[in-house]
1. If you scan region 42-55, which residues turn out to be in a helix (DSSP H, G or I) and open to solvent by less than 70 Å² (accessible area, probe 1.4 Å)?
2. Examine region 137-156 for a residue that is buried (at least 21 other Cβ atoms within 10 Å of the Cβ), in a helix (DSSP H, G or I), modelled with pLDDT of 90 or more and not polar (S, T, N, Q), and state whether such a residue exists.
3. Can you find, within region 164-175, the residue that is farthest from the chain's Cα centre (by Cα) among those that are more than 19 Å from GLY125 (Cα to Cα) and open to solvent by 30 Å² or more (accessible area, probe 1.4 Å)?
4. Scan region 121-141 and report the pairs whose first residue is more than 21 Å from ARG81 (Cβ to Cβ) and whose second residue is modelled with pLDDT of 80 or more, with Cβ atoms within less than 6 Å and a gap of 6+ or a chain change.
5. Any idea which of (1) more than 16 Å from VAL167 (Cβ to Cβ); (2) surrounded by fewer than 21 Cβ atoms within 10 Å (Cβ to Cβ); (3) modelled with pLDDT of 90 or more is the one SER101 doesn't satisfy?
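The values are calculated or read from the model by the stated rules, or taken from the named source; none is laboratory data. Computed from a predicted structure; not experimentally measured. No Cβ is skipped: glycine too gets one built from the backbone with ideal geometry, and neighbour counts run over all protein chains shown. Heads up: the accessible areas ignore ligands, DNA and RNA and are worked out on the full protein's heavy atoms, side chains in. Shrake-Rupley method; radii C 1.70, N 1.55, O 1.52, S 1.80 Å.
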Amino acid sequence: MLAALTGMGLSAAAGLNAYIPFLVVALVARFTDLITLPTGYAWIESGWAIGIGAVLLLAEVVLDKVPAVDTVNDTIQTFIRPSMGGLIFAATSAASDLDHSTWMTQHPWVGVVLGVVVSGLVHTGKMAARPVVNGVTIGAGGPVVSTVEDGASIGLSLVAILAPVFVVVALALLAWLLVWLWLRVRDWRRSRRERAYSPG
């Protein structure tokens, strides 16, 4: 159960920023005993994987704070973030259950699917909200929201590894935020249509 919570928390973090939870898992596995990755996922903590992840994170952090460019980046990340969520869920679940015969271990594809779904949902909410934030604030709000998302991704990644029980609370708050954003996006689009079709 804790392995699933860890995987879900990291997958949700990947929906905000694909490379933060990847690097958190890689660094924790490389320099501590909190995570011991099985052979099939040991490459995650290799020097080259950490280096590439760091370069991609730097590019993501910069691109995600430039209005209009962030929307293009989000479109590209539609393929990357859910994939990373599936990878991280599977890796941490396998690491936790390596020495136990559990249903999740015997059906590793479930972790991948759950990771892809959770990460994909978070990414979809982020992608839908960002153009609205840029439009309402004339681009000024994008960098602020992006910084908050990066911080949330770091926090969620650490909570998922260090205190997975609290992932339920974090995911509930994130779900509430995504629903609130979705409602705001819907209202904003409706008001734009009404203004477009109003006479004069």
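1. We begin by selecting, within region 42-55, every residue in a helix (DSSP H, G or I); these are 42-45, 47-55.
Listed by number, the residues that qualify are ALA42, ILE44, GLU45, GLY47, ALA49, ILE50, GLY51, GLY53, ALA54.
2. Looking for residues that are buried (at least 21 other Cβ atoms within 10 Å of the Cβ), in a helix (DSSP H, G or I), modelled with pLDDT of 90 or more and not polar (S, T, N, Q), one finds at least one in region 137-156, hence yes.
3. Checked region 164-175; the qualifying residue farthest from the chain's Cα centre (by Cα) is VAL165.
4. Between residues of region 121-141 that are more than 21 Å from ARG81 (Cβ to Cβ) and residues that are modelled with pLDDT of 80 or more, the close pairs are GLY139/PRO67.
5. Unmet condition: (3).
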